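Novice: If you scroll down you'll find the structure; I have some questions about it.
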Amino acid sequence: MSSEMEPLLLAWSYFRRRKFQLCADLCTQMLEKSPYDQAAWILKARALTEMVYIDEIDVDQEGIAEMMLDENAIAQVPRPGTSLKLPGTNQTGGPSQAVRPITQAGRPITGFLRPSTQSGRPGTMEQAIRTPRTAYTARPITSSSGRFVRLGTASMLTSPDGPFINLSRLNLTKYSQKPKLAKALFEYIFHHENDVKTIHLEDVVLHLGIYPFLLRNKNHIEKNALDLAALSTEHSQYKDWWWKVQIGKCYYRLGMYREAEKQFKSALKQQEMVDTFLYLAKVYVSLDQPVTALNLFKQGLDKFPGEVTLLCGIARIYEEMNNMSSAAEYYKEVLKQDNTHVEAIACIGSNHFYSDQPEIALRFYRRLLQMGIYNGQLFNNLGLCCFYAQQYDMTLTSFERALSLAENEEEAADVWYNLGHVAVGIGDTNLAHQCFRLALVNNNNHAEAYNNLAVLEMRKGHVEQIGDLQRSYVAAQKSEAAFPDHVDTQHLIKQLRQHFAML
């Protein structure tokens, strides 16, 4: 009796243990021996999909095309509290000991880094192109795992040096009649090949007129995920909600938000699922309709009480609308359901810190540390909380740990910038000057560091000394160039010009 495990069973075991590369390699060996084995073909397609799978539910970072070609704007001047691009100013709470930093769009920076809330200062197109996409939390996709008795066709053959699936040879009509095969194929095309629709390079260049190199694939793509989803929906007589969701995802990627809305609404009528509520809310956020998204989330909570993702979605929208008190309440509801939710803990801690409660914020950040989160950002926040809570013995230790864990120069620049604030707080202006200089060494576009250097130069000596004023004005101009909408910098430049006028 042989002790070796059957190859397909071993490959499936690798897949279940998320060893996708081993699974794909073993499936490749099986396909070399039996090129028409549907089970090995589907398992390899799913393994390759999982290797690059990202969660499509989180709102994406707005790209260059969306910023330049906004075809979904309804009102140029929306009413306050009804738009994410013009957030309200209903920030509650007493005067903070530190002004909450804001993004370029005017929203306070959140306590948790998300694709739609990354704080970035104004830069060039080239800088935006080089910005990496934030990774999402992968969610495993479940589907049928049984071994198919029937074998595949010639379109499933894989060339040794070519792609796994030759999309140009696929007969999508035939594959759409095999639901289990079609779902695996769609996921592979949608995630692994990033093939949503037919892309014609000349048409895109004619439409955009700039940056044709943004396209991942410059060739004509004949077969696509949208066609497969449409054919499969038609084959299921429009009764399969899953395919309607996939069509909506394709429409969303193409920027056809109203068509995506129709598909998600139709899917919800057939089957109410949490993910479908999240996808539809994502469409409304992209259409800049946060109130509609909030109402949709609350409808979802009526069907799925206590669902963490829905509660978190409401909190995120309130946070983006600058309604921090309501956001904090919903994050607390999230913690009642899941007391290890990192985003909720981080956002509540950030809200307490900017509400002049550093001691309470320190407890939340210590909780994250106890949960095993160990990075430079967390120790940076711990250092600030310890400083403002007057626990000076831990302040410098936390900042030293943050510097040692900084993954890039921008993170190190933020730590040096905060160390400069600590130096200002203890009255050591020379140390503050050095810290802000080190922040600029790591990030030459750090507008706040330029601004604070200008303030230090202005306070240094008498304002009548023209040299100090000139150095202050130069630093303030650099701050304005790095962040044109920085309110403090504009106020400082106005003061400096008044001093120059008096000399």
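The values are calculated or read from the model by the stated rules, or taken from the named source; none is laboratory data. This is a predicted model, so every value here is computed, not measured. Cβ sites come from the backbone with ideal geometry, for glycine too, and all protein chains shown count toward neighbours. Heads up: the accessible areas ignore ligands, DNA and RNA and are worked out on the full protein's heavy atoms, side chains in. Shrake-Rupley method; radii C 1.70, N 1.55, O 1.52, S 1.80 Å.
Novice: Can you tell me how the stretch 366-406 classifies by the Cα gyration tensor, rounded, prolate or oblate, using a/c under 1.5 as the rounded cut? Walk me through the numbers before you get to the answer.
Specialist: Values: a/c = 2.35, a/b = 1.31, b/c = 1.80.
Oblate, since a/c reaches 1.5 and b/c is not below a/b.
Novice: Continuing with the same structure: Pull out the extension gain between Phe304 and Glu6, defined as 0.36 nm times the separation in residues minus the alpha carbon to alpha carbon distance; nm, one decimal. Write down the numbers at each step before the final one.
Specialist: On the way: separation 298, 0.36 × 298 = 107.28 nm, distance 4.18 nm.
That pair, Phe304 and Glu6, stretches by 103.1 nm at full extension.
Novice: Can you compute the modelled spin-label distance between Tyr374 and Glu32, with each label point 7 Å from Cα toward Cβ, in nm?
Specialist: Reported label-point gap for Tyr374 and Glu32 is 4.1 nm.
Novice: Indicate the gyration tensor shape class of the stretch 298-346 (rounded, prolate or oblate), computed on the Cα atoms with a ≥ b ≥ c the square roots of the eigenvalues: a/c under 1.5 is rounded; otherwise a/b larger than b/c is prolate and the rest oblate. The partial results should precede the final answer.
Specialist: Values: a/c = 2.18, a/b = 1.14, b/c = 1.91.
Judged from the Cα gyration tensor, the stretch 298-346 comes out oblate (a/c at least 1.5, b/c at or above a/b).
Novice: Which of the trypsin sites (Lys or Arg not before Pro) found in the stretch 255-313 are in a DSSP loop and have at most 16 neighbouring Cβ atoms, other than their own, within 10 Å? Intermediate values should be presented prior to the final figure.
Specialist: Working: sites: Arg258, Lys262, Lys265, Lys269, Lys282, Lys298, Lys303; in loops: none.
Here no loop site has a sparse enough neighbourhood.
Novice: Could you give each residue of the stretch 408-415 its phi-based ³J(HN,Hα) in whole Hz, using Karplus coefficients 6.51, -1.76, 1.60 with θ = phi - 60°, and x for Gly or Pro?
Specialist: Result, rounded to whole Hz: 8, 5, 5, 5, 5, 5, 5, 5.
Novice: How would Arg100, Arg363, Arg401 line up by accessible area, probe 1.4 Å, largest first? Numbers along the way, then the final one.
Specialist: Details: Arg100 35, Arg363 165, Arg401 90 Å².
The ranking, largest first, comes out as Arg363, Arg401, Arg100.
Novice: Share of the stretch 317-383's accessible area from carbon and sulfur, percent, 1.4 Å?
Specialist: Details: 1240 of 2840 Å².
Reported share for carbon and sulfur atoms: 43 percent.
Novice: What figure, in Å² to the nearest 10, do you get for the accessible area of Ser286 with a 1.4 Å probe and non-protein molecules left out?
Specialist: In the full protein context, Ser286 sits at about 40 Å².
Novice: Also: For Tyr392 and Ser13, calculate 0.36 nm times their separation in residues minus their Cα-Cα distance, and state this gained length in nm to one decimal.
Specialist: Working: separation 379, 0.36 × 379 = 136.44 nm, distance 5.23 nm.
Length difference between fully extended and current span is 131.2 nm.
Novice: Summing Lys, Arg as +1 and Asp, Glu as -1, what charge do residues with Cβ under 10 Å from the Cβ of Ser350 carry, Ser350 excluded? Write out the running numbers ahead of the final one.
Specialist: Values: positive: Arg100; negative: Glu319.
Net charge in that neighbourhood comes out at 0.
Novice: Could you sort 383-391, 315-323, 333-341 so that the peptide with the highest average Cβ count within 10 Å comes first and the rest follow in order? Mind showing how you got there, number by number?
Specialist: On the way: 383-391: 20.4, 315-323: 23.4, 333-341: 15.2.
Highest-to-lowest ranking by the protection proxy: 315-323, 383-391, 333-341.
Novice: Solvent-accessible area of Leu84, probe 1.4 Å, all protein chains present, reported in Å² to the nearest ten, please.
Specialist: Answer for Leu84: close to 10 Å² accessible.
Novice: Another question, if that's okay. Tell me the net charge near Gln390. Cut-off is 14 Å between Cβ atoms, Gln390 excluded, with +1 for each Lys or Arg and -1 for each Asp or Glu. Please report the intermediate quantities before stating the final value.
Specialist: Numbers: positive: none; negative: Asp356, Glu359, Asp393.
With Lys, Arg at +1 and Asp, Glu at -1, the neighbours total -3.
Novice: May I ask you to compute the full-extension gain from Gln337 to Glu400, defined as 0.36 nm times their residue separation minus their alpha-carbon distance, rounded to one decimal in nm?
Specialist: Numbers: separation 63, 0.36 × 63 = 22.68 nm, distance 3.51 nm.
Gain on extension, Gln337 to Glu400, equals 19.2 nm.
Novice: Rounded, prolate or oblate: which one fits the stretch 319-463, using the alpha carbon gyration tensor with axes a ≥ b ≥ c (rounded when a/c is under 1.5, else prolate when a/b beats b/c, else oblate)? Write out the running numbers ahead of the final one.
Specialist: Working: a/c = 2.04, a/b = 1.80, b/c = 1.14.
Because a/c hits 1.5 or more and a/b exceeds b/c, the stretch 319-463 counts as prolate.
Novice: Further question on the same structure: How large is ³J(HN,Hα), in whole Hz, for each residue of the stretch 283-293 in order, when computed from phi with the Karplus curve 6.51 cos²θ - 1.76 cosθ + 1.60 and θ = phi - 60°, using x for Gly and Pro?
Specialist: For the stretch 283-293, the Karplus curve yields 5, 5, 5, 5, 7, 6, 10, x, 5, 5, 5 Hz.
Novice: Can you give the Kirkwood hydrodynamic radius for the stretch 238-289, in Å, rounded to one decimal and based on Cα pairs?
Specialist: Working: mean 1/r = 0.0955 Å⁻¹.
By the Kirkwood definition, the hydrodynamic radius is 10.5 Å.
Novice: Say the cut-off is 29 Å between C-alpha atoms; which of Lys249/Lys303; Lys174/Lys303; Lys44/Lys174; Lys178/Lys249; Lys239/Lys332; Lys249/Lys332 go over it? Show your work: numbers first, answer last.
Specialist: Values: Lys249/Lys303 22 Å; Lys174/Lys303 37 Å; Lys44/Lys174 20 Å; Lys178/Lys249 21 Å; Lys239/Lys332 39 Å; Lys249/Lys332 31 Å.
Exceeds cut-off: Lys174/Lys303; Lys239/Lys332; Lys249/Lys332.
Novice: Along the stretch 435-443, what does the Karplus equation 6.51 cos²θ - 1.76 cosθ + 1.60 (θ = phi - 60°) give for ³J(HN,Hα), rounded to whole Hz, x for Gly and Pro?
Specialist: Running phi through 6.51 cos²θ - 1.76 cosθ + 1.60 with θ = phi - 60° gives 5, 5, 5, 5, 4, 6, 4, 7, 9 Hz.
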